[in-house]
Every structure is written in C-alpha cells, then in structure tokens.
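To start, the structure itself, in structure tokens.
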Amino acid sequence: MKRTRVFYWQFAFTLLVCAFLIVPVIMSIMAGVTVNFFQGIKSGMTLRWVFEVWDLYSETIYLSLLISVVCLACTIVLGVPAAYVLAKKQGRVARMVEEFLTLPLAIPGLAIALALLITYGGFRDFRMSWAFILVGHVLYTLPFMLRSVLAVLSSADFRTLEEGAASLGANFWQRFFGIVIPNCRSGILAGSLMVVTLSMGEFNLTWMLHTPLTKTLPVGLADSYASMRLEVGSAYTLVFLIMIIPLLMALQLYGRPAKPRAVVEEEVEEILSAGASGALALPREGGR
Amino acid sequence: MERREYPFLAVLVLPVLVVFSAFFLLPMGRLVAVAGTGPEGVGAYIAILTTPRYFESLVATIVLSTLVTLATLAISAISGLFLERNRFAGRGILVSMLTFPLAFPGVVVGFMVIMLAGRQGLIGDITKFLTGDKLVFAYSMAGLFMGYVYFSIPRVILTVMAAAEKLDPALEEAARSLGASQWLVVRDIILPGLKPALIASGAICFATAMGAFGTAFTLATNIDVLPMTIYTEFTLRANIAMAAALSIILGLITWVALNAARSLAGSTVAAAA
C-alpha cells in the first residue's frame with residue numbers, strides 16, 4: 001500500500017498527541033530521581049526523594065492496597081450474583097435494577113461523597129474508619145464488575161448449560177457455583193482488574209471522605225503536590241506509577257472479555273457424571 | 001423451573017440492593033432534602049441562577065466541558081482512525097502510549113499539566129528559549145482545559161478505534177470508485193459510521209469533565225468550576241444546603257447528558273471508564 005500525504009500528516013499528528021501524553025510522565029519520573037529539578041539532570045541522580053516518600057507516605061500506600069482488595073472482595077460478592085440475576089431476567093424490573101446499580105457512574109463522585117457525609121457523617125466511629133472510604137469505592141466500582149460479568153454472561157449460552165445440568169439433577173446452588181461462576185471467570189477477571197485499578201486511583205470521593213488518619217495514595221499525592229517540593233511530588237508519582245503499571249498491563253491483556261471460556265472438563269465432572277461433559281461444552285465462537 | 005427459581009434469584013440480588021439502598025439511595029434522598037433546608041429553602045435552586053458566583057461557575061463549567069469534549073473528539077477521531085486503518089512498525093507502542101494515562105487519577109493529571117505548563121514546565125522553557133517570555137498557564141482555565149483533554153483522550157480513542165474496526169471498508173471503496181474525494185468519503189461515509197461511538201464517548205467525556213475535581217484541586221483552588229465551588233461551599237463556608245443544591249444540579253446535568261447520548265446513540269453508554 002502506498003503511503004499518501006494524508007498518512008504522514010496523520011502520523012505526525014498522532015506522534016504529537018503521544019508526546020503530549022507521555023512527555024510529562026517522563027519529566028515527572030526524571031524529576032523524581034533528580035537531585036534538583038530546577039538545575040536539571042546535571043545536578044545528579046538520587047533515590048533520596050523516593051526514600052523520603054516512603055518515610056512520609058508509606059501508610060497511604062498500605063491503606064490504598066487494603067481498601068482496593070477489600071473493595072474487590074465486596075464487588076465480587078455483591079456484583080457477580082447480581083449480574084447473573086440480571087442476565088437471566090430480561091423484564092422491566094430487571095432493567096430498572098440494572099439502571100439503579102449503574103447510577104453511581106452517572107453522578108459525580110463529589111455529589112455521592114457529600115450525600116454520604118450528610119447521612120453518615122454523624123456516626124463517629126464509622127466516619128473515622130477506612131470503611132467510610134470503602135463504601136464510596138464499592139458504590140463507584142461495582143457497576144464495572146457488574147457490566148463486565150454481564151457482558152460475558154450475555155454472550156455465553158449459560159441457559160442451555162444450566163438446563164443440561166438441571167436435567168441431570170443439579171440443584172440451583174450446584175448450577176450457580178458449578179456452571180455459572182466458572183463460565184464468567186474471564187468477566188470476573190476483567191472486572192477485578194478494573195475495580196482494583198479504579199480503587200487505587202480514586203480521588204473525587206476519597207478526598208471528601210478521608211480523615212487525617214485515613215489517607216489513601218491519591219490523597220497523599222494531592223497532599224504532596226500542595227505542600228512538598230516538586231521532587232518529592234514527582235517521586236511519589238513514580239511510586240504510584242510503579243504500582244499501577246502492572247495492573248494496566250494486565251488490563252490490556254485480559255481487559256476485554258471477548259470470548260467466554262469453555263467449562264473446564266473436570267469441573268463439570270465434579271458436579272455431573274462424566275458422560276454429560278460433552279453436552280455442556282460452550283460454543284467457542286459467538287460473543288463479540 | 002423458571003418460577004421455582006425466583007426465591008433463589010431474590011437471595012442473590014438482595015445483598016447488593018440492601019447495600020445500595022442504605023449507602024446510595026438513602027444518602028441521595030438526604031442530599032435532596034438537605035438542599036431545601038438553607039436560609040432560602042427550596043429557593044437555593046433559584047439562588048444558583050440569580051447569584052453571579054454560582055451561575056458563572058455553572059456556565060464556565062458547561063462551556064469548559066463542551067470545549068474539552070469537542071477538542072477530544074477531534075483529536076481522538078483523527079488519531080484513532082489512523083491507528084485502526086494503518087499497520088506499521090511501532091503501532092502497538094503508540095496505542096499503548098495513548099491509552100497509558102487511562103488510570104491516572106485527576107490529581108496526577110493536574111501534576112502532569114504542571115510539568116508541561118507550570119512555572120518550571122516544558123512549555124515555559126521552550127517559549128522562553130524562543131521568545132524570551134515564559135508562558136505559564138497551568139494554574140488557569142487553560143491549564144484545566146489541557147488537563148481534561150489529557151485524561152479524556154485515552155478513553156475516547158479506545159471507543160473510536162473499536163467503532164472504526166466495525167466500519168465496512170466496502171462502502172468507502174464504492175464511494176472512491178465512484179469518484180468521491182477523500183474529504184467527501186470522510187464526511188459522508190466515515191463520520192456517519194462513527195457517529196454513535198462519537199456521541200457515546202463524547203457524552204462520557206462531557207460528564208467526566210463536569211464532575212472532575214482532582215485536576216482543578218491540584219492546579220489551583222481559585223479556578224471556579226462547579227466541583228470546586230461545591231467543595232468551597234461545603235468546607236470553607238459550611239453552607240451545606242447550597243453545596244447540596246449545587247451537587248444535585250451537577251448530578252442532574254451529567255445524568256441528562258449521559259441519557260440523552262444513550263437514546264441518540266442507541267446503545268449503552270457507560271460513564272467514567
């Protein structure tokens with residue numbers, strides 16, 4: 001294919017956009033390991049700022065990890081069963097429930113945080129604990145788990161599988177844990193990566209809900225940008241990037257649950273007799 | 001078997017409904033109630049329109065979000081189409097770079113704007129070298145615009161690329177063989193094909209920009225966008241009723257934008273990816 005002038009024009013434009021997004025990240029990383037950013041790289045490189053960040057803010061890193069893991073557990077326990085019910089029921093009530101559960105996405109975090117503060121701010125112990133932040137994170141991330149699992153379930157023919165299992169005598173819970181859950185694993189994985197990444201970076205809600213004793217990583221970042229020298233803020237940003245880059249890479253790999261996975265043979269056999277497994281294998285194509 | 005399952009299905013969906021009722025529905029109801037308890041009562045909503053400070057911040061936020069949306073859609077359509085249509089060495093790296101800031105919180109985006117356009121920023125250095133004057137605009141509306149475009153590009157570009165993949169190349173070939181110019185193909189074939197994706201991602205972009213708080217918070221506390229006004233009302237002025245009324249208006253605007261886009265684009269619009 002010959003390259004036209006339009007090609008080079010668009011190529012140059014795209015490179016410019018890339019530079020716009022990436023150059024400040026590189027500058028920030030450099031600033032985090034430079035002795036004096038104002039004098040530039042010639043002032044020498046150091047890990048001093050990174051250690052300083054660790055001394056000052058390591059608590060925020062632990063708290064963010066803790067909240068994102070607990071938040072993930074909550075969204076799985078609450079969201080996956082709800083997604084199954086919504087995939088199964090197509091009626092008006094089900095659509096209203098779906099609308100209701102995804103509403104936190106359409107309302108700015110600031111408004112949700114304000115509402116939580118007005119309603120539960122008076123419960124001192126709750127207000128002072130990190131559980132208060134957790135509630136906000138669960139509201140905000142649950143729609144992503146729900147959507148992700150729902151996408152997989154609506155492209156998988158889990159009804160046929162369930163009917164097969166039921167005709168062989170599997171009861172509701174056996175079918176739910178033996179057929180449905182294993183079949184939406186790819187959706188749970190994609191949703192989980194999304195939930196953890198969002199929870200780690202959540203600021204809008206968290207800034208309103210935090211207390212001096214419950215600071216998360218982004219809250220600490222805002223704090224360091226406002227009150228510390230540029231190098232410390234940069235080093236802190238560097239720490240944040242190191243924490244989310246693996247998550248982002250995993251999201252690129254597993255983030256789009258395109259095709260439902262076939263039920264693994266032995267799992268089917270666990271619930272049913274060996275002879276039924278052939279009939280239960282999912283069609284591999286289909287979905288988006 | 002369908003009907004007998006109802007109790008089981010209810011058990012599965014009940015926990016999330018209880019949690020959402022207690023921590024979302026009830027608080028939102030309280031927010032609406034509190035908005036009517038100020039000195040003006042329900043008049044707080046009218047005060048938004050009649051008090052210059054609130055009204056100006058509302059208008060400024062809407063204008064800013066609209067401009068951000070238009071700029072982001074234009075940039076993402078050009079680059080997204082290019083990356084979807086052409087295969088060349090290094091394409092994957094470009095795509096990763098363009099989607100990398102997807103998970104940056106608003107505060108980090110604000111810091112990136114400071115890196116580019118702040119007092120010690122790159123743009124300042126370049127303009128000082130070229131013209132002798134240091135251009136610093138990070139701490140103003142222009143800086144905020146830059147930050148919002150920065151965090152919107154990755155989201156929109158992914159949607160545009162996914163939609164461009166589904167366009168039928170035969171239509172374009174047919175148009176070209178009939179003698180249509182490049183520009184006509186873009187206007188009559190490509191843009192209409194991308195329209196649903198552009199509307200959907202544009203609405204998300206608009207809603208996110210309306211409610212974004214972290215970037216403005218990092219750049220300066222005196223940029224009067226609605227989320228900053230709400231924050232100031234709540235924390236500094238302790239005018240909780242006004243803060244509640246403002247955030248309800250803000251929530252309504254984003255909700256209406258997303259729903260309008262959904263009925264226009266005809267598919268599910270998910271906010272704030």
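What to note about this one:
- Counting Lys and Arg as +1 and Asp and Glu as -1 over every other residue whose Cβ lies under 12 Å from the Cβ of B:Ala60, the net charge comes to -1.
- Radius of gyration (Cα atoms) of chain B, expressed as a multiple of 2.2 N^0.38 Å: 1.23.
- Taken one residue at a time, the phi angles of segment B:197-203 give Karplus couplings (6.51, -1.76, 1.60, θ = phi - 60°) of 5, 5, 5, 4, 6, x, 5 Hz. Gly and Pro are set to x.
- The magnitude of the dipole of chain A, with charges of +1 and -1 set on the Cβ of Lys/Arg and Asp/Glu and taken from the Cα centre, is near 1020 debye.
- Over chain A, relative contact order from alpha-carbon pairs under 8 Å, at least 6 apart, %: 27 percent
- Derived scalar couplings ³J(HN,Hα) [segment A:133-148; Karplus, 6.51 cos²θ - 1.76 cosθ + 1.60; whole Hz; x for Gly, Pro]: 5, 4, 4, x, 5, 5, 4, 6, 9, 4, x, 6, 5, 4, 4, 5
- Residues in segment B:166-174 carry Karplus couplings, in order, of 8, 5, 8, x, 4, 4, 5, 4, 4 Hz; the curve used is 6.51 cos²θ - 1.76 cosθ + 1.60 with θ = phi - 60°, and Gly or Pro positions show x.
- Pair B:Leu252, A:Arg92: separation of 7 Å Cα→Cβ label points (nm): 2.5 nm
- Rounded to the nearest 20, the Cβ-based charge dipole of the protein assembly as shown about its Cα centre (Lys and Arg +1, Asp and Glu -1) stands at 880 debye.
- Helix axis angle, A:109-120 relative to chain A longest principal axis, alpha carbon, degrees: 80 degrees
- Between the residues B:Tyr231, B:Val68, A:Leu139, the greatest Cα displacement towards the positive end of the dipole of the protein assembly as shown, with unit charges on the Cβ of Lys, Arg, Asp and Glu, is found for B:Val68.
- Cβ-placed point charges (K, R +1; D, E -1), dipole of segment A:44-105 about Cα centre in debye, nearest 20: 520 debye
- Taking amide H as placed 1.01 Å from N in the peptide plane, the amide H of A:Thr34 sits under 5 Å from that of A:Thr46, each at least 5 places away or on another chain.
- Peptide A:24-31 has a mean shielding of 5, counted as Cβ atoms of other protein chains within 10 Å of each residue's Cβ.
- Peptides B:133-144, A:224-235 ranked from most to least packed by the mean count of surrounding Cβ atoms within 10 Å: A:224-235, B:133-144.
- Alpha carbon centroid spacing (whole Å) that separates segment A:51-111 from segment B:93-171: 27 Å
- Projecting the Cα atoms of A:Gly122, B:Ser181, B:Ile153 onto the charge dipole of the protein assembly as shown, computed from C-beta unit charges around the Cα centre, puts B:Ser181 farthest toward the positive end.
- For segment B:43-265, the relative contact order is 28 percent, taking Cα pairs closer than 8 Å that sit 6 or more residues apart in sequence and dividing their mean separation by the residue count.
- Dipole of the protein assembly as shown, positive end: most advanced residue of B:Ala245, A:Ile76, B:Thr208 [Cβ charges, Cα centre]: B:Thr208
- Cα long-axis angle, helix A:5-32 against chain A (0 to 90 degrees, to the nearest 10): 70 degrees
Coordinate-derived values only; no laboratory data. What you see is a predicted model; the values in this text were computed from it and never measured. Cβ atoms come from the backbone with ideal geometry, glycine included; neighbour counts cover every protein chain shown.
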